[in-house]
Amino acid sequence: MPYQALRLLFLLGFSLFVASCKKADPDPLADLSSEKIAVVQAFNKVILPIQDADPTRDFTELAPLDTVLAKAQVVGMGEGTHGTREFFRMKDRLFRYLVQKHGHQTIAFEANFGRAVIVNRFIHGQSTGLASAAAAAKSMYFWTWSTDEVRELLQWMKDYNVGKSADKQLSFYGFDCQYADDEFPLITEFLTKVDPASVPRVDSLATQLALLGQASVTDQLRQQYAKQLTTLSNLFISNESQWVALGGRQEYEIARQAARVLFQQQDLGDASSCNYSVKRDRYMAENVQWMLTRANIGKLSLWAHNYHIANIPYASCNFPSMGAILKEQLTNKYLMVGQLLTNGSFTVVDASQSSRNLKTLSVRTEGVNNSFNYLLGKGQYANFAMNLHDAQLGSSLTDWLSAKHPLFEVGALFDESRSEQYYSITALTGRYDLLIHFRNTTPTLLLP
C-alpha cells in the first residue's frame, strides 16, 4: 500500500479513536422533570434570540417585538438588579430602537426630578456646569446611575441632538422624589423672571429644610414647612396664566413640578418606614402622569428597577407598585419589560457588612432550582426576549408562567451568603408584558 494511503488510513483511525474517547456534552435538561422539560420545549418555540446587549448593534433581532412596542405610549424598562451591565446596556439598546423605530423622544429615570432637569439641559447643549456625560451620570446622587453604561446613554443622547430642530431632540427626566436639593434653584430661577417678590419665600423654605435635618427638629416645624410648601404650590396654580405669559409654558411647568416634588419629598417621612415605600411609588406614578399631561410628552420610556415598573397590585405594605398604578391608569398603553438573569455578578451594596460597601457579588440560581430564573436558563438561547402575551405560548408554558414560583431580583443591597432571601414567590403573567433574559451577567462599570 502506498505511503500516502497508509498515512490517510492512520489519520482516519486515530480520529475515530479520539472521537470515541471524547465525552458527550452533558444534557442541560437532565436534572429536570418531564413537566419542566415540556415547559422548556414550549418556550424554546417562542423565544426570540438576542445576541447581546450592545446598544450599538444592529436592531434587526428586535423587529419581531414591533407589534407590542408600537401599541405602547409608555414603555417601562426594568432591571433585575441595580448593578448588572447587561440590563443597563439592553435598556439603552431598547431606548435607541424606540427612538429610531417607534417615535420615542423622552426617557425618564428612577432619579430625582430636579437633578434630571440639569442633566436634560446638558443633553440639550445648555450651560450647566456639567463638563461631560460622565459628570452628568455621577451627579445623580445614587451609585446605581454613576456607571459607564449610563454615561454611554447620556453621551449618545447629547450627540443625537446635535443639529436637530427642537421638536426632534431627545429629552431626559426624573420621576423620583427622594431629594430636594435641586428643586429650590429651579423655582428661584423661574420666580426671578415672573415674580421676584416671591423669591424670599423660597429662600426661607430652603433654610427650613436645612433645619429639618437636625435631631432637635420638632413636629411643629415640620408641619409649618409642609404648610408653606402647599402655599407655594397654590401660588403656581393661582398665577398660572400670568406666569406662563411672563416666563413661558415649559419653564412654568418645570418650576411648578419642582414645587410639587418638594411637597412629595417632605411627605415621604422616615425612609425606614413602610409608608415611605408606599408613598414613593404613588408619587413616582403621579410624576410619570405629569410628563404625559402637563409636559405633553407623547411617548415615554421609563428606566427603573423591575419592582417599580412591574404590575404588583399588593407590593410594599400591601399597596401597589408604580407599575401597578400606571397599568390601571393606562391599561394596554403601558408596556412592562422585565429583565432577569440565571447566573451572574453584579454591583451591589454588601448587606452582610455593617460598612455597607459597594462590591461585586454573585448568584447562581441553581440553588433554587424551582425558580423562574433557573428554568429560563435552560433555554436554547443564552439571551432572549419573550412576549408573555404571545398566542403561541402553549398550555404548559402558559400554566407555568401563571403559577407562582420563586423569582430572584435584587435592589441596592445583597447578602451573598443568604441569596435565598432575595426570591419572591410570584407569577410572571400579569407582572410583565415582555421578558428579557440573560443566562450569565457581569457587573456595571462604576465611574471613577
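The values are calculated or read from the model by the stated rules, or taken from the named source; none is laboratory data. Computed from a predicted model, the values in this text were never measured in an experiment. Quick reminder, even Gly has a Cβ in these numbers, built from the backbone with ideal geometry, and neighbours come from all protein chains shown. Just the protein is used for accessible areas: all its heavy atoms, side chains included, with ligands, DNA and RNA removed. Shrake-Rupley method; radii C 1.70, N 1.55, O 1.52, S 1.80 Å.
Here VAL261 fulfils each of the conditions (1) hydrophobic (A, V, I, L, M, F, W, C); (2) touching a helix residue (DSSP H, G or I) at 6+ places or on another chain (Cβ under 7 Å); (3) surrounded by fewer than 17 Cβ atoms within 10 Å (Cβ to Cβ) apart from (3). Look at (1) in contact (Cβ under 8 Å) with a residue 60 or more places away in the chain; (2) in contact with a Pro (Cβ under 9 Å, 6 or more places away or on another chain) and you find that TYR374 fails only one, number (1).
Quick grid of which residues meet (1) free of Cβ contacts under 8 Å to residues at least 40 places away in the same chain; (2) surrounded by 13 or more Cβ atoms within 10 Å (Cβ to Cβ); (3) of a type in the set (Gly, Ala, Ser):
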residue	(1), (2), (3)
SER204	yes, no, yes
THR207	yes, no, no
GLY213	yes, no, yes
VAL217	yes, yes, no
ARG222	no, yes, no
LEU232	no, yes, no
ILE237	yes, no, no
ALA245	yes, no, yes
ALA255	no, yes, yes
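Looking across the stretch 241-255, the residues that are part of a helix (DSSP H, G or I) and closer than 15 Å to ALA295 by Cβ come down to VAL244, ARG249, GLN250, GLU251, TYR252, GLU253, ILE254, ALA255. Residues that are touching a helix residue (DSSP H, G or I) at 6+ places or on another chain (Cβ under 6 Å) and of a type in the set (A, V, I, L, M) were ranked within the stretch 184-202; the one that is surrounded by the most Cβ atoms within 10 Å (Cβ to Cβ) is ILE187. Within the stretch 353-367, residues that are on the phi > 0 side of the Ramachandran plot reach partners that are surrounded by 12 or more Cβ atoms within 10 Å (Cβ to Cβ) with beta carbons closer than 8 Å, at six or more positions or on different chains, in the pairs ARG356/VAL349; ARG356/ASP350; ARG356/LEU413. Candidates are the residues of the stretch 288-315 that are open to solvent by less than 50 Å² (accessible area, probe 1.4 Å) and polar (S, T, N, Q); the one that is farthest from PHE408 (Cα to Cα) is GLN289. The residue that is most open to solvent (accessible area, probe 1.4 Å), counting only those in the stretch 384-410 that are within 18 Å of SER371 (Cα to Cα) and part of a loop (DSSP other than H, G, I, E, B), is LYS404.
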